[in-house]
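Here is the structure we will look at.
The values are calculated or read from the model by the stated rules, or taken from the named source; none is laboratory data. What you are looking at is a predicted structure, and each value in this text was computed from that prediction instead of being measured. Here the Cβ is made from the backbone with ideal geometry for all residues, glycine too, and neighbour counts use every protein chain on show.
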Amino acid sequence: MNSIQTIMNEYEEIREKNRRELEKRKKELYSKLPRLKEIDDEMVSLGINITKAVLMNGEDKEKLLEELHKKQTDLKIEKAEILTANNYPKDYLQMKYNCNKCKDTGYIGLERCGCLMQKLIAYQYKQFKLAHRISKENFDNFNINYYSSKSVDGGISPRENMEHIFMECIKYTKDFDRHNKNLLFIGRPGLGKTFLCNSIAKDLLDMGKSVIYQSAPDLVDLVRKYKFDFDNEEAEDEALRDIYECDLLIIDDLGTELGTQFSGLVIYNILNKRLLENKKMIISTNLDVDEIIKTYSERVSSRIFGNFLMYEFFGEDIRLKLQNII
């Protein structure tokens, strides 16, 4: 079940809970204060009569509507007086909502309510495998000082390179709805690839975007699990829907999965389907360009190099530096 379906079910459960609680309050007061039930019954009848009167034609229509609305107002006042006289809030017999703006539907008209956006963010954080890390690994905590300012082979320094990549990642996130770019992070372990993936993911999650973060081996295992679930023919489509439809798919550690025909097919199908649907992706790998070409079929490598902006990470292992500092 994807995130929006899960949350819509939660809203339905909230509404049902609130309906049960209202019925419980009504039962309590109707037995204690019978006049309240009479008033509610009369209000229902009045509502029907007002609807009928609105559809009427004739000179008496306005006069009748005025009388019905006056009766309705009198009943509301009487009901409020009975409740307050018995130390109950005036709205005690009204439906309570967790969100008064959308009345626990998640939508105000056709627009998503703020409460739905927050639920989507919370859901995505919960589903995000590295949720405990993105509180630390985000753009605010990125430290460019870990990268050397010494040039490499007469070219730019690791620091200059990372300053460029860092700014491109911020721009990628900020302009997410206005571009259709995919990113390829290449470089040895410990150079900040995962850190920046987490940083992008965090900002997008906070914007209410759906982000799926999977290592290549886990992604292959996920497909394998449902591909051969013969007890449920629809399991594969249901389980993998988010992989294909999420706003951003991050594939980490490409190249660490077992190099089988099946794994190659999984990677190809995911890349191809999302590219056809213009769904954005970020791939992080320790492989260099030649190793990618050697490891994957031409149809996989051509889709990567033909549709992804490549950023090469180089320099000293940041994790080793941090260990030495500690």
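Structure notes:
- Of the criteria (1) modelled with pLDDT of 95 or more; (2) crowded, with 20+ Cβ neighbours inside 10 Å, which one ASP252 fails: (1)
- Taking region 1-44 as the range and being surrounded by 11 or more Cβ atoms within 10 Å (Cβ to Cβ), farther than 14 Å from GLN94 by Cα and among the hydroxyl-bearing types (Ser, Thr, Tyr) as the test, the residues that pass are SER3, THR6, TYR11.
- Residue in region 56-65 that is loosely packed, with under 11 Cβ neighbours inside 10 Å, within 45 Å of the chain's Cα centre (by Cα) and free of Cβ contacts under 8 Å to residues at least 24 places away in the same chain present: no
- The residues listed here are LEU83, LEU116, LEU75; of these, the one that is buried (at least 16 other Cβ atoms within 10 Å of the Cβ) and either among the charged types (D, E, K, R) or farther than 26 Å from ILE48 by Cα (or both) is LEU116.
- Residues of region 98-113 that turn out to be among the acidic types (Asp, Glu) and surrounded by fewer than 13 Cβ atoms within 10 Å (Cβ to Cβ), as a count: 1
- Residue in region 184-239 that is farthest from ILE144 (Cα to Cα), counting only those that are hydrophobic (A, V, I, L, M, F, W, C) and modelled with pLDDT under 80: PHE230
- Selection from region 151-182 of residues that are modelled with pLDDT of 90 or more and of a type in the set (D, E, K, R): ARG159, GLU160, GLU163, GLU168, LYS171, LYS174, ASP175, ASP177, ARG178, LYS181
- Pairs with Cβ under 6 Å, 6+ apart, first in region 30-52 and free of Cβ contacts under 8 Å to residues at least 60 places away in the same chain, second among the polar types (S, T, N, Q): LEU46/GLN72
- Listing of helices (runs of 4 or more DSSP H) fully contained in region 1-95 that carry 1 or more residues being closer than 30 Å to GLU111 by Cβ: 3-32, 34-54
- Looking across SER284, SER297, SER263, SER302, one residue alone is in contact (Cβ under 8 Å) with a residue 60 or more places away in the chain and either surrounded by 17 or more Cβ atoms within 10 Å (Cβ to Cβ) or of a type in the set (Ser, Thr, Tyr) (or both). It is SER284.
- Filtering region 107-128 for residues that are more than 23 Å from ASP242 (Cβ to Cβ), in a helix (DSSP H, G or I) and at pLDDT 90 or above leaves an empty set.
- Residue match in region 16-24 (condition: farther than 30 Å from MET117 by Cβ and either among the acidic types (Asp, Glu) or assigned by TED's automatic domain parsing to the domain that holds LYS96 (or both)): yes
- Residue count for region 154-172 under the criterion of being of a type in the set (D, E, K, R) and in contact with a helix residue (DSSP H, G or I) (Cβ under 7 Å, 6 or more places away or on another chain): the result is 2.
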